Amino acid sequence: MRRDYFELEVDSVGWVENDDDPRRPHVYIDFHGPEDLLHDRLTDPGGDLLDAAETDVAFRLQEAHESNPEAPGVVGVTNRVTGEFIVELNEEAEDVLQFIRAAREFGESVGDDDGQFAVEIAVDGEELVTYEKETFLVYDAEGNLLRTESLIPSGVEL
């Protein structure tokens, strides 16, 4: 699926820098392509929409971000069972890591029982599915997990 079919916007991340009240970070992914293609990737073999536990969210850097905060990378939402990408889109490291910091701080403020961020996937502005998630994995360009950059709930071993 082409990455240019997707637009990504985030909400509720500025509160961290502004020292405002915590709010759950939210990422909106809007799809502008063949709806059947996205729907097929978002459903299980029985035709039901995947739930949050059946999906993973990750970011893979394409170069080191320590020397370049605007390092490019790819955000992906995948089917946990098949490993197939549902959504892939290009983003800068600085933006993704800011989102993860806000999600981490939100989770710490409300406790581990609540999702730390939400992912909404829409088709041409019409909501299709929303997932509340607690895990957001970050990988370097070689595919190694960056634990300190990732959002991993306590008690979870990878």
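How far is helix 93-110 tilted, in degrees, relative to the longest principal axis of the Cα atoms in the chain, given as a value from 0 to 90 rounded to the nearest 10? It works out to around 80 degrees.
In region 8-158, what percentage of the DSSP-assigned beta bridges are antiparallel, given to the nearest 5? Antiparallel bridges: around 75 percent, rounded to the nearest 5.
Counting 0.36 nm for each residue step from E108 to D4 and taking away their Cα separation leaves a gain of 34.0 nm.
With the simple spin-label model, which puts each label point 7 Å out from Cα in the Cβ direction, the R23 to R80 separation comes to 2.8 nm.
Read-outs: derived from the displayed coordinates by stated rules, not from any lab. Everything quoted here is computed from the prediction, not taken from an experiment. Heads up, the Cβs are rebuilt from the backbone with ideal geometry, glycines too, and the neighbour counts pull from every protein chain shown.
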